[in-house]
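Peer 1: Questions regarding the structure given below will be posed in turn.
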Amino acid sequence: MTLSIIIPCYITDEQLYKLTKRCLVSIRKYTAVKYEIIIIDDAGDKKYIDFLSKNSDIYIRHKDNKKNNALAWNEGGYLAIGKYLCFMDNDVKVLKNWDKPLIKMLKNIKVGVAFPISKCKEDLQFKKRIDGFCFTISNLVFKKVGIISQEWGLYFEDTDYTMKLQSLGYLLKSCPDSKVLHYARATTDKDPWIEVLYLRNKEKYEKKWGGLYPGLNL
């Protein structure tokens, strides 16, 4: 197996169902390498269980909503058999030739994470960025570095992890030949406590890392 795609899901309505379906359809259509899909269902509406289980190679369902992306990523990472791992939100749509350029970049053992360039709903063009909605890492590095910290919940877990990798000497690279669309905040926009959580975790992160943030290595 070349690539394990790990997708946390929390589907509560038809809008989120449609976004998730679009994500999975795009993976099936545009992924060229041999892959598996691992879905972590964070206690979404039970009526979507059949859809998620049928569209995944491995399906895990939480009994209650954990609100913790890192927990889902780690669960999927432990079970993944792919040489490379892709952690992906369910509001992402991959485009043609998205997978091979990322994998090619990760063959350099100095590269810790490879990010596609992405276009969010507020963007006019594709941009380079470090973001947790879609990132790839070799399974070997994931096992070597250890789990993604589960202390954050929904914000800054990706920033903390990439900062950890960079502090250990790994490169963080953006791959211009890999493109994804991100329908940003499709899930979290519905939750009024999100802004409070974001600001709390931002303060916590900056205290932990002395105000330093990870940067792409050009």
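Read the figures in this text as sums done on the coordinates, not as results from a lab. All values reported here derive from a predicted model rather than from experimental measurement. So basically every Cβ, Gly included, is an ideal-geometry build from the backbone, and we count neighbours across all protein chains shown.
Peer 1: Which condition number in (1) more than 25 Å from CYS175 (Cα to Cα); (2) hydroxyl-bearing (Ser, Thr, Tyr); (3) in contact (Cβ under 8 Å) with a residue 12 or more places away in the chain is the one that THR31 fails?
Peer 2: Unmet for THR31, out of (1) more than 25 Å from CYS175 (Cα to Cα); (2) hydroxyl-bearing (Ser, Thr, Tyr); (3) in contact (Cβ under 8 Å) with a residue 12 or more places away in the chain: (1).
Peer 1: Could you identify the single residue in LYS29, LYS63, LYS83, LYS47 that is surrounded by 17 or more Cβ atoms within 10 Å (Cβ to Cβ) and basic (Lys, Arg)?
Peer 2: It is LYS83.
Peer 1: Of all residues in the stretch 60-71, which are part of a loop (DSSP other than H, G, I, E, B) and of a type outside the set (S, T, N, Q)?
Peer 2: Of the stretch 60-71, the ones part of a loop (DSSP other than H, G, I, E, B) are 62-68.
HIS62, LYS63, ASP64, LYS66, LYS67 - these are the residues of the stretch 60-71 that are part of a loop (DSSP other than H, G, I, E, B) and of a type outside the set (S, T, N, Q).
Peer 1: Give me the residue from the stretch 29-59 that is among the charged types (D, E, K, R) and outside any helix (DSSP H, G or I) and, out of that set, nearest to TYR17 (Cα to Cα). Give the derivation first.
Peer 2: Residues of the stretch 29-59 among the charged types (D, E, K, R): 29, 34, 36, 41-42, 45-47, 50, 54, 57.
Now narrow it down to the ones that are outside any helix (DSSP H, G or I): 34, 36, 41-42, 45, 57.
Working: LYS34: 25, GLU36: 20, ASP41: 12, ASP42: 14, ASP45: 10, ASP57: 18 Å.
For the stretch 29-59, the residue satisfying everything is ASP45.
Peer 1: Further question: Check ASN74, ASN90, ASN97, ASN108 and return the single one that is of a type in the set (S, T, N, Q), more than 24 Å from VAL25 (Cβ to Cβ) and part of a loop (DSSP other than H, G, I, E, B). If you could, list the steps in order and put the result at the bottom.
Peer 2: Details: ASN74 fails: part of a loop (DSSP other than H, G, I, E, B); ASN90 fails: more than 24 Å from VAL25 (Cβ to Cβ); ASN97 fails: more than 24 Å from VAL25 (Cβ to Cβ).
Just a single option satisfies the conditions, and that option is ASN108.
Peer 1: Can you tell me which residue in the stretch 128-163 is surrounded by the fewest Cβ atoms within 10 Å (Cβ to Cβ), limited to those that are part of a helix (DSSP H, G or I) and of a type in the set (D, E, K, R)? Explain how you work it out, then say what you get.
Peer 2: Initially, the stretch 128-163 is screened for residues part of a helix (DSSP H, G or I), giving 139-145, 157-163.
Imposing the further condition that a residue be of a type in the set (D, E, K, R) reduces the set to 143-144, 157-158, 160.
Working: LYS143: 13, LYS144: 11, GLU157: 22, ASP158: 21, ASP160: 22.
Step by step, filter the stretch 128-163, then rank; the result is LYS144.
Peer 1: Taking the stretch 50-99, which residues are among the β-branched types (Val, Ile, Thr) and in contact (Cβ under 8 Å) with a residue 40 or more places away in the chain?
Peer 2: Looking only at the stretch 50-99, we keep the residues that are among the β-branched types (Val, Ile, Thr), and these are 58, 60, 81, 92, 94.
ILE81, VAL92, VAL94 - these are the residues of the stretch 50-99 that are among the β-branched types (Val, Ile, Thr) and in contact (Cβ under 8 Å) with a residue 40 or more places away in the chain.
Peer 1: Residues in the stretch 89-123 that are surrounded by fewer than 23 Cβ atoms within 10 Å (Cβ to Cβ), among the aliphatic types (A, V, I, L, M) and touching a Cys at 6+ places or on another chain (Cβ under 6 Å): how many?
Peer 2: 1
Peer 1: Next question. Considering each residue of the stretch 32-44, count those that are surrounded by fewer than 17 Cβ atoms within 10 Å (Cβ to Cβ) and touching a Cys at 6+ places or on another chain (Cβ under 7 Å), and give that number. Before the answer, list the steps.
Peer 2: Start the filter on the stretch 32-44 by keeping residues that are surrounded by fewer than 17 Cβ atoms within 10 Å (Cβ to Cβ), which leaves 32-34, 43.
If we keep only those that are touching a Cys at 6+ places or on another chain (Cβ under 7 Å) as well, we get none.
Adding up the residues that qualify gives 0.
Peer 1: Of everything in the stretch 100-118 that's of a type in the set (A, V, I, L, M) and without any contact (Cβ under 8 Å) to a residue 40 or more places away in the chain, which residue is nearest to VAL145 (Cα to Cα)? Outline the logic, then answer.
Peer 2: Taking the stretch 100-118 and keeping what is of a type in the set (A, V, I, L, M), we get 102-103, 105-106, 109, 111, 113-114, 117.
Narrowing the set further to residues that are without any contact (Cβ under 8 Å) to a residue 40 or more places away in the chain leaves 106, 109.
Details: LEU106: 15, ILE109: 13 Å.
Filtering first and then ranking leaves ILE109.
Peer 1: Quick check: anything in the stretch 100-122 acidic (Asp, Glu) and in contact with a strand residue (DSSP E or B) (Cβ under 8 Å, 6 or more places away or on another chain)?
Peer 2: Quick first cut of the stretch 100-122, residues acidic (Asp, Glu) only: 122.
From what is left, the residues that are in contact with a strand residue (DSSP E or B) (Cβ under 8 Å, 6 or more places away or on another chain) are none.
Among the residues of the stretch 100-122, not one is acidic (Asp, Glu) and in contact with a strand residue (DSSP E or B) (Cβ under 8 Å, 6 or more places away or on another chain), which makes the answer no.
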